[in-house]
1. Which of the following residues is of a type outside the set (Asp, Glu) and in contact (Cβ under 8 Å) with a residue 24 or more places away in the chain: 33, 26?
2. Only one of these conditions is not met by residue 166: (1) surrounded by fewer than 16 Cβ atoms within 10 Å (Cβ to Cβ); (2) free of Cβ contacts under 8 Å to residues at least 12 places away in the same chain; (3) more than 25 Å from residue 78 (Cα to Cα). Which number is it?
3. Out of curiosity, is residue 124 within 30 Å of residue 174 (Cβ to Cβ), out of contact with any Leu (no Cβ under 8 Å at 6 or more places or on another chain) and in the same structural domain as residue 158 (by TED's automatic domain parsing)?
4. I need the full set of residues from segment 183-215 which are aliphatic (A, V, I, L, M), in contact with a Leu (Cβ under 9 Å, 6 or more places away or on another chain) and either closer than 15 Å to residue 242 by Cα or in the same structural domain as residue 135 (by TED's automatic domain parsing) (or both), in order please.
5. Hey, among 129, 178, 154, which residue is in contact with a Leu (Cβ under 8 Å, 6 or more places away or on another chain) and either of a type in the set (Ser, Thr, Tyr) or at negative phi (or both)?
6. Those residues that are touching a residue at least 40 places away in the same chain (Cβ under 8 Å) and not aliphatic (A, V, I, L, M), I need them from segment 205-249; list them, please.
7. Residue by residue through segment 229-272, note down the ones that are polar (S, T, N, Q) and surrounded by 19 or more Cβ atoms within 10 Å (Cβ to Cβ).
8. Output the number of the condition that residue 125 fails; it satisfies all remaining conditions of (1) without any contact (Cβ under 8 Å) to a residue 24 or more places away in the chain; (2) of a type outside the set (Asp, Glu); (3) surrounded by fewer than 22 Cβ atoms within 10 Å (Cβ to Cβ).
Amino acid sequence: MSVADKIFRLLSENSSPKESDWINSKIAADIEKLPSAFVAAPRFISKNPVDVSVLFEDSKIRTWALDKLARGFLLLKIDNASKDKYTSVIESLFETAEVNEAVALYSALPFLPYPEYWKFKATEAVRSNIGPVFDALAFGNPYPAVHFSDLEWNQLVLKCIFNDKPIHLIEGLDKRTNRELADSISNFAHERWAAGRTVPAQVWRLVIKFTDEKITNDLQKLFLSGDISDNYAAALVCHECSFEKAKELLNLYPDLSAKVQKGELTWEVLEV
């Protein structure tokens with residue numbers, strides 16, 4: 001079943017008869033009018049939450065508003081036989097979009113034809129100062145994990161960290177870890193500590209594969225912190241990494257080691 005078919009089924013199952021009639025009338029009408037229907041959708045479709053887990057495997061964001069789902073469906077019904085024509089239509093929607101329209105467009109990026117074409121738009125969202133637009137790309141959206149370079153990916157993750165946003169909602173977070181990002185997190189922590197500030201504990205999950213002497217010293221500082229979340233993060237990194245000196249460090253904290261061993265302490269505990 002195609003993505004468009006899955007979305008249509010969700011719409012059919014969650015729409016009122018009046019809403020279904022409106023959606024069906026738009027896809028049965030002149031295809032050239034679909035962009036206008038995309039803009040008009042919230043006037044005819046509610047914002048009732050819909051479970052969209054069928055569209056996203058293992059995502060921590062499970063619901064979309066019904067009107068956003070309808071907008072995503074309409075985008076997929078626009079004629080895409082010609083790349084130039086299709087991308088021109090979608091570009092026009094981006095250029096004139098108000099915030100909710102932009103959110104719908106960025107949320108739909110994983111489904112749009114010609115996915116590589118939209119990478120420039122996606123990186124624009126990373127630089128955006130409009131919170132809902134940035135969040136639409138960053139959270140519950142598999143597009144960045146699939147299409148971003150390490151540099152682009154790191155910019156996205158670091159912006160979340162700098163702004164104290166919940167990084168665990170980033171799709172592909174643990175799969176896209178890299179040495180440059182781990183070093184950036186360590187350096188960021190040193191800057192924060194020097195200024196008498198703290199670091200969100202769960203960011204340390206991103207250094208696990210790259211734990212070395214420097215990061216082990218960071219972990220020692222976390223163990224000595226008066227914040228239990230820091231203690232938990234240090235224990236998890238030491239347990240999950242392959243750096244022997246870090247594993248030996250964990251042995252100095254048997255209570256925390258026991259919690260990790262028993263599965264009582266996981267990264268989910270630190271997801272806030």
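1. 26
2. (2)
3. On the way: within 30 Å of residue 174 (Cβ to Cβ): yes; out of contact with any Leu (no Cβ under 8 Å at 6 or more places or on another chain): yes; in the same structural domain as residue 158 (by TED's automatic domain parsing): yes.
It is true that residue 124 is within 30 Å of residue 174 (Cβ to Cβ), out of contact with any Leu (no Cβ under 8 Å at 6 or more places or on another chain) and in the same structural domain as residue 158 (by TED's automatic domain parsing).
4. Those that are aliphatic (A, V, I, L, M), in contact with a Leu (Cβ under 9 Å, 6 or more places away or on another chain) and either closer than 15 Å to residue 242 by Cα or in the same structural domain as residue 135 (by TED's automatic domain parsing) (or both): 206, 207, 208.
5. Numbers: 129 fails: in contact with a Leu (Cβ under 8 Å, 6 or more places away or on another chain); 178 fails: in contact with a Leu (Cβ under 8 Å, 6 or more places away or on another chain).
Exactly one residue qualifies, and that residue is 154.
6. Step one: of segment 205-249, the residues touching a residue at least 40 places away in the same chain (Cβ under 8 Å) are 205-206, 229.
Correct list: 205, 229.
7. Hit for segment 229-272 is 231, nothing else.
8. Every condition holds for residue 125 apart from (3).
The values are calculated or read from the model by the stated rules, or taken from the named source; none is laboratory data. All values reported here derive from a predicted model rather than from experimental measurement. So basically every Cβ, Gly included, is an ideal-geometry build from the backbone, and we count neighbours across all protein chains shown.
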